[in-house]
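J.: For reference, the structure I am asking about is given below.
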Amino acid sequence: MEANFPVRPGGLPGRPPAAPQTNLADILERVLDKGIVIAGDIQINLLDIELLTIKLRLLIASVDRAREMGINWWETDNSLQKLEPGTENGRSLEQENRELRERLERLERQLGIGEGQAKRAGA
Amino acid sequence: MQVPSDPAGDDLKDWAARKAPELLARAQQEAVAILRDALVEAALAGRSAEGSAAMPAAAAASPPPERAPASTAAPIALEGELLWVYCVLDARAPQPAELGGIDERFAVERVEAAGLAALVSRVPRAEFAAEPLRENLNKLDWLERVARAHEAVLEAVLADATIVPLRLCTLYENEDGVRRMLHQEQAALTAALGALLGREEWGVKLFVDAEKLQEEARASSEEAAKLTRELERQSGGGAYMLQRRLERHLREVSNSLASAVAADMQERLEALGVEVVLRSPQNRELSGHEGEMLTNAACLVDAAGLQRLQQLATQMEERYDSLGARVELTGPWPPYNFVPGGDAAALA
């Protein structure tokens with residue numbers, strides 16, 4: 001938005017541009033995610049594309065930090081949930097989780113720490 | 001780590017067993033964070049690299065791409081052009097005389113039907129047919145160029161007309177296809193144009209200073225003061241543990257402070273009587289912002305609504321001055337966030 005620079009609140013119209021170039025995140029979060037969807041002749045399912053499904057999501061949004069701060073209101077927008085376990089992109093996470101658990105169990109067995117032994121009777 | 005003195009070592013096992021799920025979860029979180037960072041880095045590297053440089057993943061996944069279509073007997077011809085559609089407007093609405101398209105060789109043209117006009121420009125099949133397009137979309141530098149060009153056209157038109165912006169990559173074989181689309185979608189497009197008339201999309205972001213947030217947390221917390229006093233009397237291992245506890249506590253307090261400020265902003269935005277869409281905060285590496293982004297929203301406003309929005313921005317900066325609060329308004333944007341069907345492809 002070269003012509004429409006960020007307007008500082010209380011700033012006077014015609015004040016010189018505060019940002020020389022629009023931030024790419026501002027543009028991408030709009031042009032990729034929003035705008036009216038009409039099926040054209042070239043069928044491209046944006047969700048098929050690796051970059052757009054995972055890398056770009058991560059690239060555009062900074063979600064971990066926000067969640068840590070307890071800010072998650074955008075999650076009512078169903079978009080992000082695709083990264084959660086149980087959905088397509090979350091599947092690898094679930095699998096990773098399972099593998100780690102199995103590995104932990106093996107290690108526990110080797111160390112002789114079973115579920116039963118984990119609780120120590122009386123102290 | 002403090003090793004329990006129990007000679008049987010049961011305490012250690014006990015501790016390990018109790019801690020295992022937590023440690024596992026933490027390890028997993030860290031693994032995800034590392035993976036995320038690596039992906040972001042790769043994507044950013046791809047972006048800054050010279051022109052055609054693909055990102056590692058894309059490069060690895062695909063052999064040398066579209067440059068030699070003839071030799072591979074491509075099923076679809078990659079010669080000639082397709083029509084890229086930018087937006088739809090009322091057929092009576094004006095548009096700037098000379099507008100360059102995504103491909104600089106082709107200007108923006110107008111295709112009219114059903115009382116509507118679609119703004120289109122020719123783009124080469126070699127880049128935009130389904131196969132090459134899939135590849136190109138994986139290159140952040142390519143995507144950035146196309147996205148910015150698409151945006152530039154919309155902004156130029158936006159100055160004098162109400163528009164319905166189309167999602168990136170709405171492509172047709174020819175003018176007839178575009179006209180068919182205008183007929184088919186006439187009702188939805190006309191309704192959208194009506195709803196957007198006289199209103200603008202503005203972006204609203206609220207930032208606070210991370211250090212000031214922490215300072216405020218420290219000043220407001222009894223517990224922090226207590227821990228700090230204790231810390232002054234301690235040394236060695238005890239001091240280390242206390243220090244960690246203090247840090248954790250401060251993080252928790254500043255997080256809930258941040259969350260409260262964000263909730264306050266949300267409430268006030270929603271009280272403005274304008275349409276509001278809340279987005280997730282942006283990645284600093286792409287947006288280049290400073291401070292903590294607590295709010296990332298878009299509002300659809302008329303002239304009076306914009307004034308109220310500007311007042312709110314000033315209010316919030318004053319109200320949270322001690323946190324170094326800064327409200328950034330950007331716009332007017334093409335009303336991407338306020339047209340129907342905007343959620344389907346769903347990025348964060």
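The values are calculated or read from the model by the stated rules, or taken from the named source; none is laboratory data. Bear in mind the structure is a predicted one, so any value in this text is a computation, not a measurement. Heads up, the Cβs are rebuilt from the backbone with ideal geometry, glycines too, and the neighbour counts pull from every protein chain shown.
J.: Please specify each residue of the stretch B:104-123 satisfying the condition of being over 30 Å from B:Gly198 (Cβ atoms) and either touching a His at 6+ places or on another chain (Cβ under 8 Å) or surrounded by fewer than 17 Cβ atoms within 10 Å (Cβ to Cβ) (or both).
T.: Step one: filter the stretch B:104-123 for residues over 30 Å from B:Gly198 (Cβ atoms), giving B:104-106, B:122-123.
Result: B:Glu104, B:Arg105.
J.: Identify the residue in the stretch B:239-269 that is touching a helix residue (DSSP H, G or I) at 6+ places or on another chain (Cβ under 9 Å) and away from every other protein chain (no Cβ under 14 Å) and, among all such residues, is farthest from A:Gly70 (Cα to Cα).
T.: Selected residue: B:Ala239.
J.: Mind listing just one residue for me: the one in the stretch B:243-288 that is under 17 Å from the mean Cα position of the chain (by Cα) and of a type in the set (A, V, I, L, M) and, of those, nearest to B:Lys205 (Cα to Cα)?
T.: We begin by selecting, within the stretch B:243-288, every residue under 17 Å from the mean Cα position of the chain (by Cα); these are B:276-288.
Still in the running and of a type in the set (A, V, I, L, M): B:276-278, B:286.
Details: B:Val276: 12, B:Val277: 12, B:Leu278: 10, B:Leu286: 15 Å.
Ranking the qualifying residues of the stretch B:243-288, first place goes to B:Leu278.
J.: Listed residues B:Glu267, B:Glu252, B:Glu292; which is crowded, with 19+ Cβ neighbours inside 10 Å, charged (D, E, K, R) and outside the structural domain of B:Val40 (by TED's automatic domain parsing)?
T.: Values: B:Glu267 fails: crowded, with 19+ Cβ neighbours inside 10 Å; B:Glu252 fails: crowded, with 19+ Cβ neighbours inside 10 Å.
B:Glu292 is the lone residue from the list that is crowded, with 19+ Cβ neighbours inside 10 Å, charged (D, E, K, R) and outside the structural domain of B:Val40 (by TED's automatic domain parsing).
J.: Within the stretch B:137-150, identify whether any single residue is more than 9 Å from every other protein chain (Cβ to nearest Cβ) and more than 16 Å from B:Trp84 (Cα to Cα), and answer yes or no. First the steps, then the outcome.
T.: Going through the stretch B:137-150, the residues more than 9 Å from every other protein chain (Cβ to nearest Cβ) turn out to be B:141-142, B:145, B:149.
Those left that are additionally more than 16 Å from B:Trp84 (Cα to Cα): B:141.
Yes: one or more hits.
J.: Let me ask something additional. Can you find even one residue in the stretch B:332-345 that is more than 30 Å from B:Val88 (Cβ to Cβ) and crowded, with 19+ Cβ neighbours inside 10 Å?
T.: Within the stretch B:332-345, the subset more than 30 Å from B:Val88 (Cβ to Cβ) is none.
No, every residue in the stretch B:332-345 fails to be more than 30 Å from B:Val88 (Cβ to Cβ) and crowded, with 19+ Cβ neighbours inside 10 Å.
J.: Which residue, of B:Val339, B:Val274, B:Val327, is modelled with pLDDT of 95 or more and touching a helix residue (DSSP H, G or I) at 6+ places or on another chain (Cβ under 6 Å)? Can you show your working first?
T.: Values: B:Val339 fails: modelled with pLDDT of 95 or more; B:Val274 fails: modelled with pLDDT of 95 or more.
Result of the check over B:Val339, B:Val274, B:Val327: B:Val327.
J.: Of the residues B:Glu200, B:Glu135, B:Glu215, B:Glu211, which single one is buried (at least 17 other Cβ atoms within 10 Å of the Cβ), closer than 29 Å to B:Gln310 by Cβ and among the acidic types (Asp, Glu)? I'd like the intermediate steps shown before the answer.
T.: Values: B:Glu135 fails: closer than 29 Å to B:Gln310 by Cβ; B:Glu215 fails: buried (at least 17 other Cβ atoms within 10 Å of the Cβ); B:Glu211 fails: buried (at least 17 other Cβ atoms within 10 Å of the Cβ).
Result of the check over B:Glu200, B:Glu135, B:Glu215, B:Glu211: B:Glu200.
J.: Let me ask something additional. Quick test of your reading of the structure: B:Ala188 fulfils all but one of (1) at the interface with another protein chain (Cβ under 10 Å from one of its Cβ atoms); (2) crowded, with 19+ Cβ neighbours inside 10 Å; (3) in a helix (DSSP H, G or I). Name the failing condition by number.
T.: For B:Ala188, the failing item is (2).
J.: Going by the conditions given, is B:Arg180 of a type in the set (Lys, Arg) and in the same structural domain as B:Asp90 (by TED's automatic domain parsing)?
T.: On the way: of a type in the set (Lys, Arg): yes; in the same structural domain as B:Asp90 (by TED's automatic domain parsing): yes.
For B:Arg180, the condition - of a type in the set (Lys, Arg) and in the same structural domain as B:Asp90 (by TED's automatic domain parsing) - is met.
J.: If you check B:Glu252 against the conditions, is it closer than 18 Å to B:Leu213 by Cβ and not in a loop (DSSP other than H, G, I, E, B)?
T.: Numbers: closer than 18 Å to B:Leu213 by Cβ: yes; not in a loop (DSSP other than H, G, I, E, B): yes.
Yes; evaluated as a whole, the condition is true for this residue.
J.: Still on this structure: Going through B:Gln311, B:Gln315 one at a time, which residue ends up being over 27 Å from A:Arg67 (Cα atoms), surrounded by fewer than 22 Cβ atoms within 10 Å (Cβ to Cβ) and within 12 Å of another protein chain (Cβ to nearest Cβ)?
T.: Details: B:Gln315 fails: over 27 Å from A:Arg67 (Cα atoms).
Criteria check complete, one pass: B:Gln311.
J.: I would also like to ask the following. Among (1) without any contact (Cβ under 8 Å) to a residue 40 or more places away in the chain; (2) crowded, with 19+ Cβ neighbours inside 10 Å, there is one condition B:Ala129 misses while meeting the rest; what is its number?
T.: Unmet condition: (1).
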